Amino acid sequence: MPEFTEEQLMIADLARRIAVEKILPVREKYDRSDEFPWEIVEAIAESDLYGVFIPEEYGGFGGGVTEMAIVTEELSRVCGGIALAFAATGLGAMPLILFGSDEQKKKYLPQIASGKRLAAFALTEPEAGSDAGNIKTTAKKDGDHYILNGTKQWITNGGEAEIYTVIGLTDPSRGARGASAFIVEDGTSGFSYGKKEDKMGIRGSTTRELIFEDCRIPSENLLARTGFGFMVAMKTLDMSRPGVAAQAIGIARGALETAIDYARQRIQFDKPIIANQGLQWMLSDMATKVEAARALIYEAARKADSGEKDISKISAMSKLFASDVAMEVTTDAVQILGGYGYMREYPVEKMMRDAKITQIYEGTNQIQRDVIARALIKEAARK
Ligand SMILES: Cc1cc2nc3c(=O)[nH]c(=O)nc-3n(C[C@H](O)[C@H](O)[C@H](O)COP(=O)(O)OP(=O)(O)OC[C@H]3O[C@@H](n4cnc5c(N)ncnc54)[C@H](O)[C@@H]3O)c2cc1C
(Lines give C-alpha, C1' and ligand atoms only; values in the text may rest on other atoms or scores of the structure.)
Protein backbone atom coordinates (compact mmCIF):
# COMPACT_ATOMS: atom_id res chain seq x y z
CA MET A 1 0.00 0.00 0.00
CA PRO A 2 1.51 3.38 -0.95
CA GLU A 3 1.87 5.97 1.82
CA PHE A 4 -1.16 8.20 1.32
CA THR A 5 -1.98 11.33 3.32
CA GLU A 6 -5.18 11.60 5.41
CA GLU A 7 -6.84 13.59 2.60
CA GLN A 8 -5.82 11.09 -0.04
CA LEU A 9 -7.20 8.22 2.08
CA MET A 10 -10.48 10.14 2.39
CA ILE A 11 -10.59 10.63 -1.39
CA ALA A 12 -9.96 6.90 -1.90
CA ASP A 13 -12.72 6.07 0.56
CA LEU A 14 -15.20 8.39 -1.16
CA ALA A 15 -14.39 7.00 -4.61
CA ARG A 16 -14.70 3.43 -3.26
CA ARG A 17 -18.13 4.25 -1.82
CA ILE A 18 -19.36 5.64 -5.16
CA ALA A 19 -17.95 2.59 -6.94
CA VAL A 20 -19.64 0.10 -4.64
CA GLU A 21 -22.92 1.91 -3.96
CA LYS A 22 -23.58 3.51 -7.36
CA ILE A 23 -21.52 1.75 -10.04
CA LEU A 24 -21.66 -1.88 -8.93
CA PRO A 25 -25.47 -2.16 -9.28
CA VAL A 26 -25.41 -0.77 -12.85
CA ARG A 27 -22.10 -1.91 -14.36
CA GLU A 28 -23.61 -4.89 -16.16
CA LYS A 29 -26.40 -2.72 -17.55
CA TYR A 30 -23.92 -0.25 -19.05
CA ASP A 31 -21.65 -3.02 -20.32
CA ARG A 32 -24.61 -4.37 -22.31
CA SER A 33 -26.24 -1.10 -23.39
CA ASP A 34 -23.00 0.83 -24.01
CA GLU A 35 -24.84 4.02 -23.07
CA PHE A 36 -22.94 6.85 -21.41
CA PRO A 37 -23.38 6.66 -17.59
CA TRP A 38 -24.65 10.17 -16.88
CA GLU A 39 -26.14 9.10 -13.53
CA ILE A 40 -22.63 8.14 -12.36
CA VAL A 41 -21.13 11.38 -13.71
CA GLU A 42 -23.67 13.20 -11.52
CA ALA A 43 -22.74 11.11 -8.47
CA ILE A 44 -19.03 11.79 -9.02
CA ALA A 45 -19.76 15.51 -9.52
CA GLU A 46 -21.93 15.69 -6.38
CA SER A 47 -19.03 14.24 -4.39
CA ASP A 48 -16.70 16.92 -5.82
CA LEU A 49 -14.33 14.27 -7.12
CA TYR A 50 -13.90 15.97 -10.52
CA GLY A 51 -12.05 18.67 -8.63
CA VAL A 52 -9.39 16.48 -7.01
CA PHE A 53 -6.76 17.19 -9.69
CA ILE A 54 -7.66 20.87 -10.29
CA PRO A 55 -5.75 23.68 -8.52
CA GLU A 56 -7.60 25.33 -5.61
CA GLU A 57 -7.56 28.79 -7.21
CA TYR A 58 -9.62 27.36 -10.09
CA GLY A 59 -12.24 25.69 -7.95
CA GLY A 60 -10.56 22.35 -7.29
CA PHE A 61 -9.17 20.45 -4.33
CA GLY A 62 -5.59 21.21 -5.32
CA GLY A 63 -4.34 17.68 -5.81
CA GLY A 64 -2.60 16.30 -8.86
CA VAL A 65 -1.74 13.10 -10.68
CA THR A 66 -1.74 11.11 -7.42
CA GLU A 67 -5.31 12.07 -6.57
CA MET A 68 -6.41 11.46 -10.16
CA ALA A 69 -4.86 7.98 -10.00
CA ILE A 70 -6.42 7.20 -6.61
CA VAL A 71 -9.95 7.97 -7.84
CA THR A 72 -9.39 6.20 -11.17
CA GLU A 73 -8.08 3.07 -9.41
CA GLU A 74 -11.02 2.86 -7.01
CA LEU A 75 -13.65 3.40 -9.71
CA SER A 76 -11.91 0.93 -12.06
CA ARG A 77 -11.82 -1.74 -9.36
CA VAL A 78 -15.57 -1.98 -9.96
CA CYS A 79 -15.82 -0.85 -13.61
CA GLY A 80 -12.93 0.11 -15.87
CA GLY A 81 -15.35 1.47 -18.48
CA ILE A 82 -17.46 3.78 -16.34
CA ALA A 83 -14.28 5.03 -14.61
CA LEU A 84 -13.30 6.68 -17.90
CA ALA A 85 -16.04 9.31 -17.59
CA PHE A 86 -13.77 10.56 -14.79
CA ALA A 87 -10.29 9.63 -16.06
CA ALA A 88 -10.69 10.92 -19.65
CA THR A 89 -11.89 14.25 -18.26
CA GLY A 90 -8.62 14.35 -16.33
CA LEU A 91 -6.75 13.74 -19.58
CA GLY A 92 -8.77 16.46 -21.34
CA ALA A 93 -8.15 18.95 -18.54
CA MET A 94 -4.41 18.28 -18.30
CA PRO A 95 -3.30 20.51 -21.23
CA LEU A 96 -5.23 23.39 -19.64
CA ILE A 97 -3.71 22.75 -16.22
CA LEU A 98 -0.20 22.52 -17.67
CA PHE A 99 -0.30 25.17 -20.40
CA GLY A 100 -3.47 27.26 -20.03
CA SER A 101 -3.22 31.03 -19.46
CA ASP A 102 -4.80 32.41 -16.31
CA GLU A 103 -7.85 33.53 -18.36
CA GLN A 104 -8.23 30.12 -19.99
CA LYS A 105 -7.93 28.38 -16.63
CA LYS A 106 -10.44 30.76 -15.02
CA LYS A 107 -12.89 30.15 -17.83
CA TYR A 108 -12.74 26.35 -18.07
CA LEU A 109 -11.24 24.70 -14.99
CA PRO A 110 -14.01 25.58 -12.50
CA GLN A 111 -16.57 24.06 -14.90
CA ILE A 112 -14.53 20.86 -15.07
CA ALA A 113 -13.89 20.81 -11.30
CA SER A 114 -17.62 20.98 -10.61
CA GLY A 115 -18.35 18.19 -13.10
CA LYS A 116 -20.72 20.51 -15.01
CA ARG A 117 -18.75 20.04 -18.21
CA LEU A 118 -16.62 17.03 -19.15
CA ALA A 119 -13.37 17.30 -21.08
CA ALA A 120 -11.59 15.22 -23.73
CA PHE A 121 -8.25 15.11 -25.51
CA ALA A 122 -8.05 14.74 -29.30
CA LEU A 123 -4.78 13.80 -30.94
CA THR A 124 -5.39 10.54 -32.87
CA GLU A 125 -6.50 10.53 -36.51
CA PRO A 126 -7.18 7.74 -39.02
CA GLU A 127 -3.59 7.91 -40.33
CA ALA A 128 -1.92 9.02 -37.11
CA GLY A 129 -2.04 6.58 -34.20
CA SER A 130 1.40 5.60 -32.85
CA ASP A 131 2.82 7.96 -35.46
CA ALA A 132 1.06 10.95 -33.89
CA GLY A 133 3.37 13.35 -35.73
CA ASN A 134 1.58 12.40 -38.95
CA ILE A 135 -1.64 14.28 -38.11
CA LYS A 136 -3.38 16.04 -40.99
CA THR A 137 -5.88 18.31 -39.21
CA THR A 138 -5.07 21.90 -40.10
CA ALA A 139 -5.61 25.10 -38.14
CA LYS A 140 -5.23 28.06 -40.48
CA LYS A 141 -4.93 31.55 -39.07
CA ASP A 142 -7.62 33.94 -40.29
CA GLY A 143 -7.51 37.32 -38.56
CA ASP A 144 -8.26 36.76 -34.89
CA HIS A 145 -9.52 33.23 -35.53
CA TYR A 146 -8.15 29.83 -36.50
CA ILE A 147 -10.05 27.65 -38.98
CA LEU A 148 -9.90 23.94 -38.19
CA ASN A 149 -10.34 21.24 -40.83
CA GLY A 150 -9.86 17.51 -40.27
CA THR A 151 -11.05 14.42 -38.43
CA LYS A 152 -10.03 13.09 -35.03
CA GLN A 153 -10.64 9.40 -34.40
CA TRP A 154 -11.46 7.30 -31.32
CA ILE A 155 -11.80 10.18 -28.90
CA THR A 156 -12.83 9.07 -25.40
CA ASN A 157 -15.80 11.11 -24.09
CA GLY A 158 -16.38 12.29 -27.70
CA GLY A 159 -19.86 13.77 -28.01
CA GLU A 160 -20.36 13.71 -24.21
CA ALA A 161 -17.62 16.19 -23.31
CA GLU A 162 -18.05 19.92 -23.92
CA ILE A 163 -14.41 21.01 -23.67
CA TYR A 164 -11.87 19.50 -26.08
CA THR A 165 -8.13 19.96 -26.48
CA VAL A 166 -7.46 19.45 -30.19
CA ILE A 167 -4.04 19.21 -31.83
CA GLY A 168 -3.87 20.64 -35.37
CA LEU A 169 -1.21 21.91 -37.78
CA THR A 170 -0.78 25.68 -37.93
CA ASP A 171 2.20 25.14 -40.24
CA PRO A 172 1.74 21.87 -42.19
CA SER A 173 5.13 22.31 -43.91
CA ARG A 174 6.86 21.73 -40.55
CA GLY A 175 5.04 18.48 -39.66
CA ALA A 176 4.89 17.81 -35.90
CA ARG A 177 6.90 21.02 -35.29
CA GLY A 178 4.11 22.97 -36.93
CA ALA A 179 1.42 21.58 -34.57
CA SER A 180 -0.52 23.68 -32.09
CA ALA A 181 -3.05 22.91 -29.36
CA PHE A 182 -6.50 24.49 -29.19
CA ILE A 183 -9.49 24.46 -26.87
CA VAL A 184 -12.64 23.73 -28.85
CA GLU A 185 -16.06 23.90 -27.25
CA ASP A 186 -19.01 21.67 -28.04
CA GLY A 187 -21.51 23.61 -30.16
CA THR A 188 -18.88 25.58 -32.10
CA SER A 189 -20.07 26.02 -35.68
CA GLY A 190 -18.28 23.56 -38.01
CA PHE A 191 -17.60 21.07 -35.20
CA SER A 192 -19.66 17.86 -35.29
CA TYR A 193 -19.48 14.26 -34.11
CA GLY A 194 -19.07 11.25 -36.38
CA LYS A 195 -19.08 7.50 -35.87
CA LYS A 196 -19.51 6.12 -32.37
CA GLU A 197 -17.46 2.92 -31.97
CA ASP A 198 -18.81 -0.47 -30.86
CA LYS A 199 -16.02 -1.87 -28.70
CA MET A 200 -14.78 -5.11 -27.10
CA GLY A 201 -14.52 -3.57 -23.65
CA ILE A 202 -14.74 -0.33 -21.63
CA ARG A 203 -18.33 -0.22 -22.80
CA GLY A 204 -20.23 2.66 -21.27
CA SER A 205 -17.29 4.85 -22.29
CA THR A 206 -18.04 6.69 -25.53
CA THR A 207 -15.33 6.52 -28.22
CA ARG A 208 -16.19 8.80 -31.11
CA GLU A 209 -15.02 10.70 -34.16
CA LEU A 210 -14.72 14.50 -34.09
CA ILE A 211 -15.21 16.29 -37.40
CA PHE A 212 -13.99 19.82 -38.12
CA GLU A 213 -15.27 21.52 -41.27
CA ASP A 214 -14.23 25.16 -41.49
CA CYS A 215 -14.61 25.31 -37.72
CA ARG A 216 -13.75 28.87 -36.61
CA ILE A 217 -12.31 29.21 -33.16
CA PRO A 218 -11.12 32.43 -31.54
CA SER A 219 -7.34 32.97 -31.29
CA GLU A 220 -7.59 33.17 -27.50
CA ASN A 221 -8.34 29.41 -27.54
CA LEU A 222 -4.76 28.65 -28.58
CA LEU A 223 -2.91 26.83 -25.77
CA ALA A 224 0.73 27.78 -25.14
CA ARG A 225 2.15 29.03 -28.48
CA THR A 226 1.93 28.04 -32.12
CA GLY A 227 4.32 25.21 -32.89
CA PHE A 228 4.10 23.87 -29.30
CA GLY A 229 1.17 21.49 -29.94
CA PHE A 230 3.19 18.30 -30.07
CA MET A 231 5.02 19.25 -26.89
CA VAL A 232 1.67 20.00 -25.20
CA ALA A 233 0.44 16.53 -26.26
CA MET A 234 3.56 14.67 -25.09
CA LYS A 235 3.75 16.45 -21.70
CA THR A 236 0.03 15.79 -21.23
CA LEU A 237 0.54 12.07 -21.90
CA ASP A 238 3.48 11.96 -19.47
CA MET A 239 1.12 13.23 -16.76
CA SER A 240 -1.83 11.05 -17.70
CA ARG A 241 -0.17 7.66 -18.28
CA PRO A 242 0.01 6.92 -14.52
CA GLY A 243 -3.79 7.38 -14.68
CA VAL A 244 -4.12 4.67 -17.35
CA ALA A 245 -1.87 2.53 -15.17
CA ALA A 246 -4.21 3.18 -12.23
CA GLN A 247 -7.21 2.18 -14.35
CA ALA A 248 -5.39 -1.05 -15.26
CA ILE A 249 -4.47 -1.91 -11.70
CA GLY A 250 -7.95 -1.07 -10.41
CA ILE A 251 -9.35 -3.58 -12.90
CA ALA A 252 -6.71 -6.13 -11.82
CA ARG A 253 -7.58 -5.66 -8.14
CA GLY A 254 -11.25 -6.24 -8.88
CA ALA A 255 -10.41 -9.45 -10.73
CA LEU A 256 -8.04 -10.68 -8.01
CA GLU A 257 -10.62 -10.10 -5.26
CA THR A 258 -13.32 -11.88 -7.28
CA ALA A 259 -10.97 -14.83 -7.90
CA ILE A 260 -10.09 -15.17 -4.20
CA ASP A 261 -13.77 -15.04 -3.12
CA TYR A 262 -14.73 -17.58 -5.74
CA ALA A 263 -11.84 -19.95 -4.96
CA ARG A 264 -12.83 -19.98 -1.27
CA GLN A 265 -16.38 -20.99 -2.11
CA ARG A 266 -16.13 -23.32 -5.09
CA ILE A 267 -16.02 -26.95 -3.96
CA GLN A 268 -14.41 -29.60 -6.14
CA PHE A 269 -13.06 -32.95 -4.93
CA ASP A 270 -14.83 -32.25 -1.58
CA LYS A 271 -12.76 -29.16 -0.74
CA PRO A 272 -12.66 -25.49 -1.72
CA ILE A 273 -10.49 -25.08 -4.81
CA ILE A 274 -8.36 -22.54 -2.90
CA ALA A 275 -6.99 -25.48 -0.88
CA ASN A 276 -4.99 -26.50 -3.96
CA GLN A 277 -1.44 -25.20 -3.82
CA GLY A 278 -1.49 -24.73 -7.61
CA LEU A 279 -4.22 -22.10 -7.27
CA GLN A 280 -2.70 -20.57 -4.13
CA TRP A 281 0.52 -19.93 -6.03
CA MET A 282 -1.37 -18.41 -8.93
CA LEU A 283 -3.11 -16.04 -6.51
CA SER A 284 0.20 -15.22 -4.83
CA ASP A 285 1.76 -14.28 -8.15
CA MET A 286 -1.28 -12.18 -9.12
CA ALA A 287 -1.24 -10.30 -5.79
CA THR A 288 2.53 -9.73 -5.96
CA LYS A 289 2.32 -8.26 -9.47
CA VAL A 290 -0.55 -5.97 -8.47
CA GLU A 291 1.37 -4.69 -5.44
CA ALA A 292 4.54 -4.09 -7.50
CA ALA A 293 2.56 -2.23 -10.16
CA ARG A 294 0.88 -0.04 -7.54
CA ALA A 295 4.24 0.91 -6.07
CA LEU A 296 5.48 1.94 -9.53
CA ILE A 297 2.29 3.88 -10.37
CA TYR A 298 2.33 5.97 -7.20
CA GLU A 299 6.07 6.59 -7.52
CA ALA A 300 5.44 7.90 -11.05
CA ALA A 301 2.54 10.01 -9.74
CA ARG A 302 4.68 11.35 -6.88
CA LYS A 303 7.38 12.41 -9.33
CA ALA A 304 4.80 14.04 -11.60
CA ASP A 305 3.34 16.00 -8.68
CA SER A 306 6.74 17.02 -7.31
CA GLY A 307 7.37 18.94 -10.52
CA GLU A 308 10.22 16.73 -11.66
CA LYS A 309 11.19 17.92 -15.14
CA ASP A 310 11.35 14.75 -17.18
CA ILE A 311 9.00 11.98 -16.09
CA SER A 312 8.58 10.33 -19.51
CA LYS A 313 10.48 7.19 -18.52
CA ILE A 314 8.81 6.38 -15.20
CA SER A 315 5.41 7.40 -16.54
CA ALA A 316 5.79 5.02 -19.51
CA MET A 317 7.10 2.28 -17.19
CA SER A 318 4.05 2.58 -14.94
CA LYS A 319 1.62 2.32 -17.87
CA LEU A 320 3.54 -0.52 -19.52
CA PHE A 321 3.94 -2.61 -16.38
CA ALA A 322 0.49 -2.05 -14.87
CA SER A 323 -1.37 -2.75 -18.11
CA ASP A 324 0.59 -5.95 -18.76
CA VAL A 325 -0.11 -7.01 -15.16
CA ALA A 326 -3.81 -6.20 -15.62
CA MET A 327 -3.99 -8.40 -18.70
CA GLU A 328 -2.22 -11.29 -16.95
CA VAL A 329 -4.21 -11.00 -13.72
CA THR A 330 -7.62 -10.73 -15.39
CA THR A 331 -6.80 -13.69 -17.68
CA ASP A 332 -5.74 -15.75 -14.65
CA ALA A 333 -8.90 -14.70 -12.81
CA VAL A 334 -11.01 -16.10 -15.66
CA GLN A 335 -8.98 -19.32 -15.40
CA ILE A 336 -9.58 -19.57 -11.65
CA LEU A 337 -13.33 -19.25 -12.15
CA GLY A 338 -13.14 -21.98 -14.82
CA GLY A 339 -16.22 -22.18 -17.04
CA TYR A 340 -18.04 -19.69 -14.83
CA GLY A 341 -15.26 -17.20 -15.55
CA TYR A 342 -16.14 -17.38 -19.23
CA MET A 343 -19.80 -16.56 -18.58
CA ARG A 344 -21.16 -13.03 -18.55
CA GLU A 345 -22.94 -13.86 -15.28
CA TYR A 346 -19.58 -13.32 -13.52
CA PRO A 347 -17.63 -10.06 -13.85
CA VAL A 348 -14.16 -11.41 -14.70
CA GLU A 349 -14.71 -11.83 -18.44
CA LYS A 350 -15.68 -8.13 -18.58
CA MET A 351 -12.59 -7.24 -16.56
CA MET A 352 -10.44 -9.15 -19.05
CA ARG A 353 -12.08 -7.27 -21.96
CA ASP A 354 -11.67 -3.95 -20.15
CA ALA A 355 -8.01 -4.60 -19.27
CA LYS A 356 -6.99 -5.05 -22.91
CA ILE A 357 -7.41 -1.39 -23.87
CA THR A 358 -4.89 -0.29 -21.25
CA GLN A 359 -2.14 -1.97 -23.32
CA ILE A 360 -3.25 -0.02 -26.40
CA TYR A 361 -4.30 3.57 -25.73
CA GLU A 362 -2.28 6.62 -24.69
CA GLY A 363 0.48 4.92 -26.68
CA THR A 364 0.65 1.15 -27.19
CA ASN A 365 2.99 -0.81 -24.95
CA GLN A 366 5.41 -1.13 -27.87
CA ILE A 367 5.55 2.67 -27.95
CA GLN A 368 6.04 2.80 -24.14
CA ARG A 369 9.08 0.54 -24.59
CA ASP A 370 10.37 2.99 -27.22
CA VAL A 371 9.94 5.90 -24.78
CA ILE A 372 11.78 3.99 -22.04
CA ALA A 373 14.59 2.92 -24.38
CA ARG A 374 15.06 6.48 -25.64
CA ALA A 375 15.44 7.68 -22.05
CA LEU A 376 17.92 4.89 -21.24
CA ILE A 377 20.05 5.75 -24.25
CA LYS A 378 19.98 9.46 -23.37
CA GLU A 379 20.97 8.70 -19.76
CA ALA A 380 23.83 6.47 -20.91
CA ALA A 381 25.12 9.13 -23.30
CA ARG A 382 25.20 11.68 -20.45
CA LYS A 383 27.51 9.52 -18.27
C1 LIG B 1 -11.01 2.78 -27.05
C2 LIG B 1 -10.00 3.79 -27.48
C3 LIG B 1 -10.00 5.05 -26.92
C4 LIG B 1 -9.08 6.01 -27.35
N5 LIG B 1 -9.13 7.29 -26.82
C6 LIG B 1 -8.33 8.27 -27.37
C7 LIG B 1 -8.48 9.63 -26.96
O8 LIG B 1 -9.27 9.97 -26.09
N9 LIG B 1 -7.71 10.57 -27.60
C10 LIG B 1 -6.81 10.26 -28.57
O11 LIG B 1 -6.16 11.16 -29.09
N12 LIG B 1 -6.64 8.97 -28.96
C13 LIG B 1 -7.38 7.96 -28.39
N14 LIG B 1 -7.23 6.65 -28.79
C15 LIG B 1 -6.21 6.32 -29.78
C16 LIG B 1 -5.05 5.50 -29.22
O17 LIG B 1 -4.19 6.29 -28.46
C18 LIG B 1 -4.36 4.80 -30.42
O19 LIG B 1 -5.23 3.76 -30.82
C20 LIG B 1 -3.01 4.24 -30.07
O21 LIG B 1 -2.08 5.27 -29.85
C22 LIG B 1 -2.45 3.31 -31.16
O23 LIG B 1 -2.63 3.82 -32.45
P24 LIG B 1 -3.29 2.89 -33.57
O25 LIG B 1 -4.50 2.27 -32.98
O26 LIG B 1 -3.47 3.70 -34.79
O27 LIG B 1 -2.26 1.72 -33.82
P28 LIG B 1 -1.02 1.72 -34.83
O29 LIG B 1 -0.17 2.90 -34.58
O30 LIG B 1 -1.51 1.51 -36.21
O31 LIG B 1 -0.26 0.43 -34.35
C32 LIG B 1 -0.63 -0.90 -34.73
C33 LIG B 1 0.37 -1.85 -34.10
O34 LIG B 1 1.69 -1.56 -34.57
C35 LIG B 1 2.55 -1.31 -33.48
N36 LIG B 1 3.52 -0.28 -33.82
C37 LIG B 1 3.28 0.90 -34.48
N38 LIG B 1 4.43 1.59 -34.58
C39 LIG B 1 5.39 0.85 -33.99
C40 LIG B 1 6.80 1.03 -33.79
N41 LIG B 1 7.42 2.15 -34.17
N42 LIG B 1 7.48 0.05 -33.14
C43 LIG B 1 6.85 -1.08 -32.73
N44 LIG B 1 5.53 -1.29 -32.89
C45 LIG B 1 4.81 -0.35 -33.52
C46 LIG B 1 1.65 -0.85 -32.34
O47 LIG B 1 2.23 -1.03 -31.07
C48 LIG B 1 0.43 -1.74 -32.57
O49 LIG B 1 0.66 -3.00 -31.99
C50 LIG B 1 -8.12 5.68 -28.34
C51 LIG B 1 -8.11 4.39 -28.88
C52 LIG B 1 -9.04 3.46 -28.48
C53 LIG B 1 -9.01 2.10 -29.11
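A compact table of results
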quantity	calculated
Equivalent ellipsoid dimensions for segment 180-338 as semi-axes, Å, which come from the Cα gyration tensor, largest first	42, 22, 9
Per-bin percent of Cα-Cα distances, segment 1-43 [5 Å]	6, 19, 24, 18, 12, 11, 7, 2
Proximal charge balance of GLU160 [Cβ under 11 Å; K/R count +1, D/E count -1]	0
Structure-based [θ]222 nm, the chain - -39500 (n - 2.57) summed over DSSP H runs of at least 4, per residue, nearest 500	-17000 deg cm²/dmol
Environment charge at ASN134 (Cβ cut-off 9 Å; Lys +1, Arg +1, Asp -1, Glu -1)	-2
Counted charge near LYS289, where neighbours are those whose Cβ lies closer than 12 Å (Asp, Glu -1; Lys, Arg +1)	-3
Full-stretch length increase - TRP281, ARG382 - with 0.36 nm per residue and alpha-carbon distance subtracted	32.1 nm
Check: segment 1-157 dipole with +1 on Lys, Arg Cβ and -1 on Asp, Glu Cβ, in debye	500
Label-point separation in nm, MET234 to GLU103, each point 7 Å along Cα→Cβ	2.9
Amide proton proximity set for ALA128, modelled H, under 5 Å, gap of 5+	none
Segment 99-204 shape via C-alpha gyration tensor axes, a/c threshold 1.5	oblate
Among ILE360, ALA259, VAL334 the positive-end extreme of the charge dipole of segment 259-383 (Cβ point charges)	ILE360
For segment 204-271, alpha-carbon Rg and Dmax in angstrom	22.8, 72
Size of electric dipole in the chain: Cβ of Lys, Arg +1 and of Asp, Glu -1, about Cα centre, debye, nearest 20	960
³J(HN,Hα) computed for each position of segment 149-156 - Karplus, 6.51 cos²θ - 1.76 cosθ + 1.60, integer Hz, glycine/proline x	9, x, 10, 9, 10, 6, 8, 5
Protection-proxy order for peptides 240-252, 313-325, 219-231, 263-275, each taking the mean of Cβ atoms within 10 Å per residue, highest first	240-252, 313-325, 219-231, 263-275
Cα-Cα P(r), the chain, percent of pairs per 20 Å interval	29, 57, 13, 1
For segment 71-115: rounded, prolate or oblate by the Cα gyration tensor [a/c cutoff 1.5]	prolate
DSSP bridge orientation in the chain - percent antiparallel, rounded to nearest 5	85
Tilt relative to the chain, helix 365-382 - C-alpha long axis, 0 to 90 degrees, to 10	70
Leading residue at positive end of dipole, segment 193-251 (Cβ point charges), from ALA248, LEU223, SER205	ALA248
Accessible surface of the chain, 1.4 Å probe, proportion on carbon and sulfur as whole %	52
When the convex hull of its Cα atoms is projected in every direction, mean area for segment 247-341 (nm²)	6.1
1.4 Å probe accessible area per residue over the chain, in Å²	44
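The values are calculated or read from the model by the stated rules, or taken from the named source; none is laboratory data. Remember, it's a predicted structure, so these values are computed and weren't measured experimentally. Methodologically, a virtual Cβ is constructed for each residue, glycine included, from the backbone with ideal geometry; neighbour enumeration extends over all protein chains shown. SASA here: full protein model, heavy atoms, side chains in, ligands and nucleic acids out. Shrake-Rupley method; radii C 1.70, N 1.55, O 1.52, S 1.80 Å.
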